[in-house]
Amino acid sequence: MLRLLQLELQKLLLNKSSKVLIFISFILPFFVLILSSLRINFFNWFTLELGHYGLFNFPVVWHIVTFFAAQFKFFFAIVVVSMIGNEYSNKTIKQNLIDGLSKKEFILSKFYTIIFFSAIATLLIFIITLCIGLYYSSISEVSLIFRDIEFLLAYFIKLVGFFSLCLFLGMLVKRSAFALAFLFVLFILEWIIFGIINWQVNSDVAWSIHNFMPLQSMWNLIDQPFQRIAISKAPNGQNFLYDFAVHWYEIVIVLAWTAVFIFLSYRLLKKRDL
Amino acid sequence: MEKINQILESILTINNLTKKFGYLTAVKDLSFTINKGNVYGILGPNGSGKSTTLGIVLNVVNKTEGNFHWFDGHTSTHDALKKVGAIIERPNFYPYMTAQQNLKLVCRIKGVDESKILEKLEVVGLLDRKDHKFRTYSLGMKQRLAIASALLNDPEILILDEPTNGLDPQGIHQIRQIIKDIANTGTTILLASHLLDEVEKVCTHVVVLRKGEKLYSGRVDEMISSHGFFELKSDNQEALISILENDTSFGSIKVEGALITAFLNEPMDAKTFNKLMFEKGIILSHLVKRKESLEEQFLQLTDNKEA
């Protein structure tokens, strides 16, 4: 396993563009830190200070930071599709196999890399969130601090699932740019299917099917936090009550998709003549 | 006795291998064995299935039917490939890495110690360019790096597919010299080429393919059951021809201007022939005994099958 990870890391880190992209994808979450300390002064009328709205108090801070950090996953997604695209355009995939790498090992080396980077990203977010939370909230009780920490797990699963999808699309179309375009097409397709079912049957059925689709199921892992913030601010917030928690079945659906994408990538490579 | 065992040690066995690309059959029911210590050539015109066959045994093309196994048949293909060195068509490396970094990656794949890198770069004469990026290399240098990469694991067999394709004469010469040097160390080599003189110069055994079918497999010098031919000139040409035509030792006789070519039906050396002619009162001004070149044999073989 270490050998396969080392292989892929050498391929990535010696490549200037993927090195820059990996760097960016790790650095960007730190902007949440800057955002949190932002004080915008509107012509001396009033000062917008995000920290004062209780956004960065435990435990809600886990939810908010993971939600926003997850939006930066696109940078590493580019790395994932290009690490497949480059292997095809340089024909190094062929040479790797001739040199004695099995097709299974080839896919696994990519998958281990995805897990490795998702783990690092999750660890960084953990540290950042902990810092922000400790700075803004007065809570010092450990059990309260780590309440809602399941959002971190959801974040990790979400990254692994999303990058596995990118890996599969990369294997499918062999070109980085097309794979990213495909991702967008898939997004639209999910909503078209939703629309058709909604129109033909009803919205309940449409939603329940939609929640099983790859991109939507990943989105469901970390629900948008705006409503939760609104609830905590509104005097009669119970009216807006919605389910923002991370559910076990949401995790299972994404893990199932991850397995499907990795397996399909392997099948694709196995059947293909290079 | 020990030597015989060594000779019979098989490295690659192919049985009834078939590959179809849709309606096109690229390789048809192909069988042959590669034994240790010989230098093999796979000969055939473009599109005869050479690269496809190599692709199948190298794990990058899926077979349709048949089977093959490496060594004794107990190792999986990808493990066997760690003991094989191969280059197919054009050299494939990561353009943004230096030669040394590229070879380091190959070492990691093959599970070989990295100490071999400099040694093999020296063999192909690229040591002074080891820290230059692969994309700055000329085609000849790329091809030499590919050979260095294939040699990293001191392979049991070296597989080369069209190694001199697209190179300038100097590059071709360099690559051939490297191949000859490697062959001299006793490494088994499998060389696919459509260049006959290339195969003739280095190979002891040959497999001839045409349209995916095997026409011949065996020693180069036994490719055609031929006893060779005489090239003759004489002032008394007509008498010479009539003698040759009446002699059952000779088959077909070709006359091109003053030069007569007489093909032998049975073994006969030049001395005996000269004596025979002298006894019959014919004085030869030109006498050469030759065997068909590989090119002539190859054309004869492919023509025969066509008819």
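Descriptive notes on the structure:
- Long-range neighbours under 9 Å by Cβ, at least six apart or interchain, first residue on the phi > 0 side of the Ramachandran plot within the range B:142-157, second open to solvent by 10 Å² or more (accessible area, probe 1.4 Å) and of a type in the set (Ser, Thr, Tyr): B:154/B:187
- Residues in the range B:81-105 that are in a strand (DSSP E or B) and touching a Gly at 6+ places or on another chain (Cβ under 9 Å): B:84 only.
- Looking only at residues in the range A:1-25 that are under 20 Å from residue A:71 (Cα atoms) and within 11 Å of chain B (Cβ to nearest Cβ), the one that is most open to solvent (accessible area, probe 1.4 Å) is A:19.
- Here is the figure for the range B:56-65: residues that are more than 12 Å from residue B:11 (Cα to Cα) and part of a helix (DSSP H, G or I) total 1.
- The range B:260-273, residues that are open to solvent by 80 Å² or more (accessible area, probe 1.4 Å) and touching a Gly at 6+ places or on another chain (Cβ under 7 Å): B:265
- Given (1) within 23 Å of residue A:243 (Cβ to Cβ); (2) crowded, with 22+ Cβ neighbours inside 10 Å; (3) over 17 Å from the mean Cα position of the chain (by Cα), index of the condition residue A:176 fails: (1)
- Residues of the range B:66-80 satisfying the condition of being outside any strand (DSSP E or B), open to solvent by 30 Å² or more (accessible area, probe 1.4 Å) and either in contact with a Pro (Cβ under 6 Å, 6 or more places away or on another chain) or not β-branched (Val, Ile, Thr) (or both): B:72, B:73, B:74, B:76, B:78, B:79
- Residue count, the range A:78-110 (criterion: surrounded by 22 or more Cβ atoms within 10 Å (Cβ to Cβ) and either within 7 Å of chain B (Cβ to nearest Cβ) or outside any helix (DSSP H, G or I) (or both)): 7
- Count of residues meeting criterion [modelled with pLDDT under 90 and more than 7 Å from every other protein chain (Cβ to nearest Cβ)] in the range B:84-94: 4
- Condition met for residue B:191 (free of Cβ contacts under 8 Å to residues at least 60 places away in the same chain and either under 30 Å from residue B:21 (Cβ atoms) or in the same structural domain as residue B:15 (by TED's automatic domain parsing) (or both)): no
- Residues of the range B:189-246 classified as under 15 Å from the mean Cα position of the chain (by Cα) and polar (S, T, N, Q), total: 3
- Output for the range B:127-157, where each listed residue is open to solvent by less than 10 Å² (accessible area, probe 1.4 Å), aliphatic (A, V, I, L, M) and either assigned to a helix (DSSP H, G or I) or at pLDDT below 90 (or both): B:145, B:146, B:147, B:148, B:150
- Within the range B:182-203, tally of residues that are assigned to a helix (DSSP H, G or I) and under 16 Å from residue B:146 (Cβ atoms): 1
- Single unsatisfied condition, residue B:220 versus (1) closer than 22 Å to residue B:33 by Cβ; (2) without any contact (Cβ under 8 Å) to a residue 24 or more places away in the chain: (2)
- For the range B:203-259, the candidate set comprises residues that are of a type in the set (A, V, I, L, M, F, W, C) and open to solvent by 40 Å² or more (accessible area, probe 1.4 Å); within that set, the residue that is farthest from residue B:46 (Cα to Cα) is B:258.
- Residues of the range A:129-146 satisfying the condition of being closer than 14 Å to residue A:55 by Cβ and not in a loop (DSSP other than H, G, I, E, B): A:129, A:132, A:133, A:135, A:136
- Residue satisfying all of: in the range B:176-202; among the hydrophobic types (A, V, I, L, M, F, W, C) and farther than 19 Å from residue B:119 by Cβ; most open to solvent (accessible area, probe 1.4 Å) among these: B:195
- Test for residue B:65: is it acidic (Asp, Glu), away from every other protein chain (no Cβ under 11 Å) and in contact (Cβ under 8 Å) with a residue 40 or more places away in the chain: yes
- Boolean, residue B:168 is open to solvent by 20 Å² or more (accessible area, probe 1.4 Å), more than 30 Å from residue B:35 (Cα to Cα) and away from chain A (no Cβ under 14 Å): yes
- Given (1) within 14 Å of chain A (Cβ to nearest Cβ); (2) surrounded by fewer than 16 Cβ atoms within 10 Å (Cβ to Cβ); (3) of a type in the set (Gly, Ala, Ser); (4) more than 23 Å from residue A:2 (Cα to Cα), number of the condition residue B:99 does not satisfy: (2)
- Remark: residue B:31 falls outside the filter, which requires a residue to be of a type in the set (Gly, Ala, Ser), free of Cβ contacts under 8 Å to residues at least 12 places away in the same chain and surrounded by fewer than 17 Cβ atoms within 10 Å (Cβ to Cβ).
- Filtered by the rule that a residue be more than 16 Å from the chain's Cα centre (by Cα) and surrounded by fewer than 22 Cβ atoms within 10 Å (Cβ to Cβ), the range A:113-132 gives A:127, A:128, A:130, A:131.
The values are calculated or read from the model by the stated rules, or taken from the named source; none is laboratory data. As the structure is a computational prediction, the values presented were derived from the model and not from experiment. Cβ atoms come from the backbone with ideal geometry, glycine included; neighbour counts cover every protein chain shown. Protein only, heavy atoms only, side chains kept; ligands, DNA and RNA dropped before computing areas. Shrake-Rupley method; radii C 1.70, N 1.55, O 1.52, S 1.80 Å.
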